[in-house]
Amino acid sequence: MGCCRLGGLALKILLRNLLNNMTDLAPIVGVVGFFEVVVLQQVPQNLFGLLIGLVLVLAGLTLFIQGLELGLFPLGESMAHAFARKGSVFWLIVFAFALGFGTTVAEPALIAIAEEASEIAADANMIVDSDDARETYALGLRLTVALSVGAAIVIGVIRIIKGWPIHIMIAAGYVLVVIMTSLAPREIIGLAYDSGGVTTSTITVPLVTALGVGLASSIKGRNPMLDGFGLIAFASLTPMIFVMLYGMLI
C-alpha cells in the first residue's frame, strides 16, 4: 500500500514537472516557429527530426528536474546539516573543495569548451598540432577551472561560517579580474570569461546551491535566504582569474 502511494506521488510530481517544462519551452518554440514561418517563410529542414529532438529535450529536462528534487538537492542539504552537527570545519572545507572540484571537472559544458579551445589553440599554432598536445591542453584547462571552483566553494563556505559580507568580496574579486585582464595574453581572456560561465551549469549548480542553503540553515544566526546563496557567484568569478593565470604561465 505504501509503495503504491509513493509511486503515485512520484508520478504526480513527474507529470507536474512535465507540464512546467512544456510551459517553459513554449516561448522558445514560439519564437523559432515565428521566425521560420513568418519571417523566413520556410518550413524547417528535417521537421520530423526537429520534433523528435524537442520531445527528447522535454523528456530529458523533466527527468533531470525530477532527479534534482528527489536526489541532488536533499543530498547536498543533508550533508551540510551533517557536517554542521559534527562541528568539524576541516572536513567541511575538504568536502566543499572536493564537491566543487569533482562536479566541475565532470561538467559536460566545460569538457566541450576545453576540447574546442584545444582545437583552436592548435590551429593558431599556440600549441603543437598533435593529439597529445591537444589532450594535455584541454586537461590542463579543465583541471585549472576545477581547482578554481573548488577554491571558490571553500571561500563561500568560510563566508557563510564567518558571516562576511558577500558584496565586498565579490567587488574585490572583480577588481582582481580587471587587473588580471590587463596582464593576461589577449588570446586567453575570452576563454577565461567563458570558463566562468560554463562552470555554473547542470551538475555544479544544484549540489553547490543545496550545500550553501543547508549550511546556512544549520548555523545559528545565519539566514538561508541571505547567507545560503552566493556560492555560485564565487564559482563564476574565480575561473576567470585562474584561467588567465593559466594562460600567463603556459
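The values are calculated or read from the model by the stated rules, or taken from the named source; none is laboratory data. Note that the structure is a prediction, hence the values are computed from the model and not measured. Positions of Cβ are backbone-derived with ideal geometry, glycine not excepted, and every protein chain shown enters the neighbour counts. What goes into the accessible areas is simple: the full protein's heavy atoms, side chains included, and nothing from ligands, DNA or RNA. Shrake-Rupley method; radii C 1.70, N 1.55, O 1.52, S 1.80 Å.
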note = Expected single match for loosely packed, with under 13 Cβ neighbours inside 10 Å and more than 15 Å from I158 (Cα to Cα) among A112, A106, A122 is A112
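Confirm whether I65 is in contact with a helix residue (DSSP H, G or I) (Cβ under 8 Å, 6 or more places away or on another chain) and closer than 30 Å to F229 by Cβ.
The answer is yes for I65.
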query = at pLDDT below 80, closer than 18 Å to T209 by Cβ and surrounded by fewer than 13 Cβ atoms within 10 Å (Cβ to Cβ): does that describe G67?
reply = yes
key: Every pair of residues 6+ apart whose Cβ atoms lie under 7 Å, when the first sits in segment 175-192 and is crowded, with 16+ Cβ neighbours inside 10 Å while the second is among the hydroxyl-bearing types (S, T, Y)   = I189/T181
The listed residue being of a type in the set (A, V, I, L, M) and touching a residue at least 60 places away in the same chain (Cβ under 8 Å), out of A138, A114, A122, A80 = A80
ask   = Within segment 242-250, can one find any residue that is out of contact with any helix residue (DSSP H, G or I) (no Cβ under 8 Å at 6 or more places or on another chain) and modelled with pLDDT under 90?
value = yes
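This table checks each residue for (1) surrounded by 10 or more Cβ atoms within 10 Å (Cβ to Cβ); (2) over 26 Å from the mean Cα position of the chain (by Cα); (3) at pLDDT below 75; (4) more than 29 Å from L215 (Cβ to Cβ).
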residue	(1), (2), (3), (4)
M1	no, yes, yes, yes
L19	yes, no, no, yes
L25	yes, no, no, yes
V37	yes, yes, no, yes
F48	no, yes, no, yes
L54	yes, no, no, yes
L63	yes, no, no, no
ask   = Just one of the numbered conditions (1) open to solvent by 30 Å² or more (accessible area, probe 1.4 Å); (2) within 23 Å of the chain's Cα centre (by Cα) is not true of A84; which one?
value = (2)
request  = Would you check if F95 is aromatic (F, W, Y) and surrounded by 18 or more Cβ atoms within 10 Å (Cβ to Cβ)?
outcome  = yes
query = Based on what the data block shows, is V157 of a type in the set (V, I, T) and more than 17 Å from L92 (Cβ to Cβ)?
reply = no
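Restricting attention to segment 207-220, which residues are open to solvent by 10 Å² or more (accessible area, probe 1.4 Å) and in contact with a helix residue (DSSP H, G or I) (Cβ under 9 Å, 6 or more places away or on another chain)? Walk me through it before giving the result.
Residues of segment 207-220 that are open to solvent by 10 Å² or more (accessible area, probe 1.4 Å), as a first pass: 207, 209, 213, 217-220.
Within segment 207-220, L207, T209, V213, S217, S218, I219 meet the criteria.
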Qualifying position, being of a type in the set (A, V, I, L, M, F, W, C), under 16 Å from the mean Cα position of the chain (by Cα) and open to solvent by 30 Å² or more (accessible area, probe 1.4 Å), among I158, I168, I232 = I232
task = For segment 77-92, state whether one or more residues are over 28 Å from N17 (Cα atoms), outside any helix (DSSP H, G or I) and of a type in the set (S, T, N, Q).
result = yes
